[in-house]
Structure formats: structure tokens, C-alpha cells
Amino acid sequence: MAKKVIIAGGGTGGHIFPAIAIANALKKLQPAIELLFVGAKGKMEMEKVPQAGYTIKGIDIAGFNRSSLIKNIGLLFKLVKSYFQVRTIVADFMPDAVIGVGGYSSFPVLRYAQSKGIPTFIHESNSFAGKSNMMLSNKATIVFTASEGMEKFFPVDKIILTGNPVRSNIVNSTVSKSQGAHFFGLDENKSIAFVTGGSLGAKGINEAIAAQLDLFRINDVQLIWQTGKPFVAQAKQMSEGNKLIWANEFITQMEFAYAAADVVVSRAGAMAIAELCVAKKPVVFVPFPFAAEDHQAVNAQYLVEKKAGILIRDNEAKEKLVPAVIELLKNDQLQSELRECIGKLAIIDADVRVAGEVLKTIIDK
């Protein structure tokens, strides 16, 4: 009889794309397996998961809003409602295991599964663990981690170091610099900076690029600018008629952007870092300043200490970011050193490692 697995979580591409990578690996290792995703209604997983060919059920759940306490008034009601929704989903699907990939929709699913004795697996993508994963870890079957030293957050006997699952189109990319440049209508013989704030965009990065956009033109540097939805209109207006700039809210085929780029500007989310390690790109990291426990700064600092990246704080980005990018583009030796060091940190089979351990557990049941 085919095994059944629920994969829960989402909210950002940093949770969704690894979840899809794990699902694909499970299917590859066990073609008959039945998979069901559970995510938060209204979040991007409700669109991205079906696009990847999988079924997803949405629950009414929201995370704690750190910036506006008044927005948390309905949180308790949503938590209670989500519990009953999860109970129905689990009873109907009857999973052999549940995998949580992070994002607030994973908590009620894993908590309920644990109460029913269903094996649960946590994937913690960051070097500073999230509170919900820490709360769930004592009853979890296995906690998969992306970095070493996570025993300060989780029971040491539960931890398996796997790294972060990276999308197969990036791992297996054969796109050349020339093909990447032409994909965005740019000149392969000129320097190209790729600026991305992740799937939802990054206000601090966008404002820093906009503040000194002229420096790209002055230095004859081309720009691929993934803005996210809130900033796209402003970015397009600013770059209208400028052949050096490609600006849009989202890039589906990221392998082309990585191939085209000489230097990348990025937030320091765990999944962005995992992809950049695989892509072997010199990176200027601008950590998201409001990440829980400032974990993006911790992520970025880890790379800086290994000479695998450059770090600029969000509150200094308007003044320092664009000059730092221009300076790095002019320094071939530093680019080469950063490429070599970040490439050493790449893990290309994390999805298979996670899928293999899950299957070993549930098949042996």
C-alpha cells in the first residue's frame, strides 16, 4: 500500500521551494507515494505548489505580527480555527508522516500529528532556530538542520545535518553567462549585477538601489532587478528607457539570473544562501533587520567569517550598498576568492538526504 506524507509550511519562497524539492525527491525515490501540502490561505504557497503539480489544502492561520500588535487581535481565533481544519485534513488523508518546512502554517499540523502519534520531521533551514521548531522538536522523529552547532536548539539525538534543499533547475543548471545575459536582453560583455530581495521583495535593498541608480549608468554596469510586487511600479518608472536595467517583480527561471550575474545582492535567508552557494556567486548580503532573533544577520556573518560573502547592514544600505557593488565588480581577485569560498559550502543533495531518511522511517514502520 502506498505511503502518504503531508508537507506543511510556506509563507515565502524560502520555505516553499525547499518543500517542493523534498516532494520531488520523495516522488523520485518512491513513485507511488501520495503527497499533500498544507499551507496558509492567501499566501504564495497556494499558487506555487499547484504550479509544481501538487495538491495543497489551505488553513486559516497567521503569524505573530512584531511590527503592529493590534494586528494580532484575531490570532487566537485563527489558531483555534486552524486546529479544527488540520484535524479534518489529517483524518481525511491519514498520513504516515508529516514534514514541517517552516512558516507558521507548519506548527498546527505538526503539533496535531504529534498528538496522534504520527511521525513528524522538521527541517530547520536557518542557523538560528525558530521558536515553533524548538517547541516541536522534543516530540519530533528527526530534526534536519542546514548548519552545524544546532544542538543548542534541539535534542542532540534527533539532529541530522542535511543542508538546505535547492531547486533542481539551479542545481542542474547548464545556462551560460551569454544565455543568461540574452535572457534579460543584456550585453554579455558588460558587467551585470543581480539584485534580489527574495520572492516578496526587500524594501531596504530596493530603496538603496533606487537612491544611487545613476551609479550603474556612470560605471556602465548592467542591472537585473527583482523588486517584489510593492516596488515594481517605481522601479520600472525609474528604469524606463534605460537599456542597462531589467526590472520586474519576480523571476521564475532564477538559473538565468544567476548565470548572467557577476555579482549578486541578496537578503540572507537560508534558502537564498543555499542557492548562492550552489551558483558560486560573489554576494553582498543585506540581512532583513526584522527577522526573528536577527537570524539573517547570523546567517550572513557565518559566511563572512568563511570569506564567502560581504555584509552590509540594512540601515547603512542607502549609503554603502551600490558603491560596494561597483567596487566588487571592479575587483576580479576578490570576486574569484568569494566564488571559491562560497562554492565550498554548497550542498546539492539535501532534498534526497531528507527524503531518504523520511522513507527509511515510514517504510520500516
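The values are calculated or read from the model by the stated rules, or taken from the named source; none is laboratory data. All values reported here derive from a predicted model rather than from experimental measurement. Cβ: placed from backbone, ideal geometry, glycine included. Neighbour counts: every protein chain shown.
Output the residues belonging to the range 172-181 that are crowded, with 17+ Cβ neighbours inside 10 Å and either in a loop (DSSP other than H, G, I, E, B) or assigned by TED's automatic domain parsing to the domain that holds Ile16 (or both).
Going through the range 172-181, the residues crowded, with 17+ Cβ neighbours inside 10 Å turn out to be 173, 175, 180-181.
Ser173, Val175 - these are the residues of the range 172-181 that are crowded, with 17+ Cβ neighbours inside 10 Å and either in a loop (DSSP other than H, G, I, E, B) or assigned by TED's automatic domain parsing to the domain that holds Ile16 (or both).
Select from the range 89-135 the residues that are at pLDDT below 95, touching a strand residue (DSSP E or B) at 6+ places or on another chain (Cβ under 6 Å) and among the charged types (D, E, K, R) and list them in ascending order.
Glu124
Considering only residues of the range 197-240 that are in a helix (DSSP H, G or I) and in contact with a strand residue (DSSP E or B) (Cβ under 7 Å, 6 or more places away or on another chain), which is surrounded by the most Cβ atoms within 10 Å (Cβ to Cβ)?
Restricting to residues being in a helix (DSSP H, G or I) and in contact with a strand residue (DSSP E or B) (Cβ under 7 Å, 6 or more places away or on another chain), the top hit is Ile209.
Checking Ala23 against (1) at negative phi; (2) at pLDDT below 95, which single condition isn't satisfied?
Looking at each condition in turn, Ala23 falls short on (2).
Name the residues in the range 317-333 that are within 17 Å of Leu303 (Cβ to Cβ) and surrounded by fewer than 16 Cβ atoms within 10 Å (Cβ to Cβ), would you?
Answer for the range 317-333, where residues must be within 17 Å of Leu303 (Cβ to Cβ) and surrounded by fewer than 16 Cβ atoms within 10 Å (Cβ to Cβ): there is none.
What is the number of the single condition among (1) farther than 26 Å from Ala181 by Cα; (2) crowded, with 19+ Cβ neighbours inside 10 Å; (3) of a type in the set (D, E, K, R) that Asp262 does not meet?
With respect to (1) farther than 26 Å from Ala181 by Cα; (2) crowded, with 19+ Cβ neighbours inside 10 Å; (3) of a type in the set (D, E, K, R), Asp262 is out only on (1).
State which residue is modelled with the lowest pLDDT when the search covers only the range 259-312 and only residues that are more than 24 Å from Asn172 (Cβ to Cβ), of a type in the set (Gly, Ala, Ser) and assigned to a helix (DSSP H, G or I).
Out of the qualifying residues, it is Ala292.
All but one of (1) in a loop (DSSP other than H, G, I, E, B); (2) within 23 Å of Ala129 (Cα to Cα); (3) free of Cβ contacts under 8 Å to residues at least 40 places away in the same chain hold for Ile347, so report the exception by its number.
In the conditions (1) in a loop (DSSP other than H, G, I, E, B); (2) within 23 Å of Ala129 (Cα to Cα); (3) free of Cβ contacts under 8 Å to residues at least 40 places away in the same chain, Ile347 misses (3) alone.
Out of the range 240-256, which residues are of a type outside the set (A, V, I, L, M) and either farther than 23 Å from Ala272 by Cβ or not assigned by TED's automatic domain parsing to the domain that holds Asn219 (or both)?
Residues of the range 240-256 that are of a type outside the set (A, V, I, L, M), as a first pass: 240-243, 246, 248-250, 252-253, 255-256.
Listed by number, the residues that qualify are Glu240, Gly241, Asn242, Lys243.
Condition check ((1) among the small types (Gly, Ala, Ser); (2) closer than 18 Å to Glu148 by Cβ; (3) in the same structural domain as Phe17 (by TED's automatic domain parsing); (4) touching a Pro at 6+ places or on another chain (Cβ under 9 Å)) across all residues:
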position	(1), (2), (3), (4)
Ala268	yes, yes, no, yes
Ala272	yes, no, no, no
Lys280	no, no, no, no
Val286	no, no, no, no
Asn315	no, no, no, yes
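Return yes or no: is Phe256 farther than 25 Å from Leu161 by Cβ, of a type outside the set (Asp, Glu) and in a loop (DSSP other than H, G, I, E, B)?
Details: farther than 25 Å from Leu161 by Cβ: yes; of a type outside the set (Asp, Glu): yes; in a loop (DSSP other than H, G, I, E, B): no.
When the stated conditions are applied, Phe256 does not pass them.
Taking only the range 137-163 into account, find how many residues are part of a loop (DSSP other than H, G, I, E, B), buried (at least 19 other Cβ atoms within 10 Å of the Cβ) and either out of contact with any strand residue (DSSP E or B) (no Cβ under 8 Å at 6 or more places or on another chain) or without any contact (Cβ under 8 Å) to a residue 24 or more places away in the chain (or both). Talk me through it step by step, then tell me what you get.
To start, the set of residues in the range 137-163 that are part of a loop (DSSP other than H, G, I, E, B) comprises 138-141, 146-149, 153-155, 162-163.
Cutting the leftovers down to buried (at least 19 other Cβ atoms within 10 Å of the Cβ) gives us 140, 146-147, 153-154, 162-163.
Narrowing the set further to residues that are either out of contact with any strand residue (DSSP E or B) (no Cβ under 8 Å at 6 or more places or on another chain) or without any contact (Cβ under 8 Å) to a residue 24 or more places away in the chain (or both) leaves 163.
Qualifying residue count, the range 137-163: 1.
Among the residues of the range 294-323, count how many are among the charged types (D, E, K, R) and touching a Ser or Thr at 6+ places or on another chain (Cβ under 6 Å). Spell out how you get there, then give the answer.
Narrowing the range 294-323 to residues among the charged types (D, E, K, R): 294, 305-307, 313-314, 316, 318-320.
Applying the additional criterion that residues be touching a Ser or Thr at 6+ places or on another chain (Cβ under 6 Å) yields none.
Number of matching residues: 0.
Do you know which of the residues in the range 17-51 that are part of a loop (DSSP other than H, G, I, E, B) and under 22 Å from Glu124 (Cβ atoms) is nearest to the chain's Cα centre (by Cα)? Full working, then the answer.
Here is the first cut: in the range 17-51, the residues part of a loop (DSSP other than H, G, I, E, B) are 30-33, 41-44.
Cutting the leftovers down to under 22 Å from Glu124 (Cβ atoms) gives us 43-44.
Values: Lys43: 14, Met44: 13 Å.
My answer is Met44.
What's the total number of residues in the range 82-122 that are part of a helix (DSSP H, G or I), under 17 Å from Pro18 (Cα atoms) and touching an Asp or Glu at 6+ places or on another chain (Cβ under 9 Å)?
Here the count works out to 0.
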